[in-house]
Amino acid sequence: MFWADEVLKKSEEKEVLEDAWTPSGIVHMGGLKGPVIHDVLYKVLKEQNKEAKYIYCFDDFDPIDGLPVNLQVSHKDYMGVPTFMAPSPDGNGTFADFYGKKMREMFEALGIEAEIYLGSETYKKGIYNEGIRIMLDNVTKVRKVYETMYKNPVKNDWYPLQVICPTCDKLGTTKVTDWDGKEVTFTCMPNLVTWAQGCGTKGKISPFDGNAKMPWKPEWSVKWYTFNVTIEWSGKDHMSAGGSFEVGANILKAVFNQEPPMAKGYEFFLWNGKKMSSSKGLGLTGEELLKVLPPQVVRFLMIKTDPTKAVEFNPVRT
Ligand SMILES: [Zn+2]
């Protein structure tokens with residue numbers, strides 16, 4: 001039995017599949033695996049005449065926390081700035097647009113039928129406002145999840161939120177320390193992270209309508225809550241015990257009283273026995289792969305066998 005039919009044997013009448021990616025760099029070929037796997041699950045559900053929806057988030061509200069070598073001078077002042085607010089490397093549109101366009105082209109080539117949505121738009125339109133409010137009102141439960149999972153005390157001035165600094169536009173440098181039911185208190189800190197420097201601005205601001213963003217694990221739970229996500233797989237590193245998925249799932253249960261989506265961890269592609277990595281120059285980018293193989297072959301390669309099992313690419317032997 002095909003693995004996708006097997007895992008969807010007990011699917012519900014209505015399923016919502018979700019996956020996401022941060023448009024801040026070139027997509028490695030392994031980065032296409034999630035989109036293709038969810039697309040296969042989506043198409044199988046359609047064949048079963050189920051009411052299925054496949055949404056794919058470009059997490060363009062994430063701050064730039066690293067730059068490719070060729071942009072390290074031109075874009076150094078944008079470290080810590082959300083990708084939708086930084087300029088594109090080619091001068092057209094935003095940083096997120098530049099990489100997002102490449103991903104859209106690959107989706108098109110691969111026949112991926114996801115509805116792409118933008119993290120920034122979702123925040124700005126207020127779609128996460130309810131989730132943010134519930135999260136902030138229940139911050140003690142969120143702290144408890146982190147304390148239990150990481151066996152470390154969490155201070156009572158920690159909040160699962162960062163605001164865009166109204167002075168310097170940076171998100172990665174701000175720390176929220178209080179919530180009064182209307183506004184959060186924040187500081188843009190010079191030394192919060194090593195990769196970006198904040199400007200020292202302090203103040204109060206509404207956490208709604210795109211002024212602020214949750215860190216990605218609490219945000220994951222808010223996505224599941226907001227969109228009623230029922231299926232979301234991830235790379236196996238996120239699915240390990242105590243990993244990101246479990247943190248998100250525990251926040252979802254504690255704060256929103258909701259069960260997490262059906263999830264499995266898929267394997268990385270191996271290249272001569274090692275995990276492919278764009279930073280280490282191991283393996284191919286998605287674009288390179290689609291230049292050497294027809295899209296149907298790429299899809300087939302990614303899904304012919306159960307994706308939770310390892311697949312080895314050996315450029316020497318093949
Ligand atoms: Zn600032």
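Every residue, every condition in (1) closer than 27 Å to PHE98 by Cβ; (2) hydroxyl-bearing (Ser, Thr, Tyr); (3) touching a Leu at 6+ places or on another chain (Cβ under 7 Å), yes or no:
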residue	(1), (2), (3)
GLU12	no, no, no
ALA20	yes, no, no
MET29	yes, no, yes
GLY34	yes, no, no
ASP39	yes, no, no
VAL44	no, no, yes
GLU47	no, no, no
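Quick check on this structure: which one of THR185, THR173 is surrounded by fewer than 18 Cβ atoms within 10 Å (Cβ to Cβ), over 16 Å from ARG143 (Cβ atoms) and of a type in the set (Val, Ile, Thr)? Full working, then the answer.
Working: THR173 fails: surrounded by fewer than 18 Cβ atoms within 10 Å (Cβ to Cβ).
After ruling out the rest, the residue left standing is THR185.
Taking the stretch 218-240 on its own, how many of its residues are closer than 20 Å to VAL40 by Cβ and either buried (at least 22 other Cβ atoms within 10 Å of the Cβ) or not assigned by TED's automatic domain parsing to the domain that holds LYS50 (or both)?
4
Of GLY119, GLY131, GLY111, which residue is out of contact with any Cys (no Cβ under 6 Å at 6 or more places or on another chain), touching a residue at least 24 places away in the same chain (Cβ under 8 Å) and closer than 19 Å to GLY210 by Cβ?
On the way: GLY119 fails: out of contact with any Cys (no Cβ under 6 Å at 6 or more places or on another chain); GLY111 fails: closer than 19 Å to GLY210 by Cβ.
Going through GLY119, GLY131, GLY111 in turn, the sole match is GLY131.
How many of the residues making up the stretch 24-60 are acidic (Asp, Glu) and within 23 Å of ASN70 (Cα to Cα)?
Restricting attention to the stretch 24-60, the residues satisfying the condition of being acidic (Asp, Glu) are 39, 47, 51, 59-60.
Narrowing the set further to residues that are within 23 Å of ASN70 (Cα to Cα) leaves 59-60.
Within the stretch 24-60, residues that are acidic (Asp, Glu) and within 23 Å of ASN70 (Cα to Cα) number 2.
In the stretch 150-167, how many residues are touching a helix residue (DSSP H, G or I) at 6+ places or on another chain (Cβ under 6 Å) and of a type in the set (A, V, I, L, M)?
Final tally of qualifying residues: 1.
When you look at LEU67, is it surrounded by 15 or more Cβ atoms within 10 Å (Cβ to Cβ) and farther than 22 Å from GLU219 by Cα, yes or no? First the steps, then the outcome.
Details: surrounded by 15 or more Cβ atoms within 10 Å (Cβ to Cβ): yes; farther than 22 Å from GLU219 by Cα: yes.
Judged against the criteria, LEU67 is a match.
Within the stretch 228-269, how many residues are free of Cβ contacts under 8 Å to residues at least 24 places away in the same chain and of a type in the set (Gly, Ala, Ser)?
Number of matching residues: 2.
The values are calculated or read from the model by the stated rules, or taken from the named source; none is laboratory data. Predicted, not measured: the structure shown is a model, and the values here were computed from it. Positions of Cβ are backbone-derived with ideal geometry, glycine not excepted, and every protein chain shown enters the neighbour counts.
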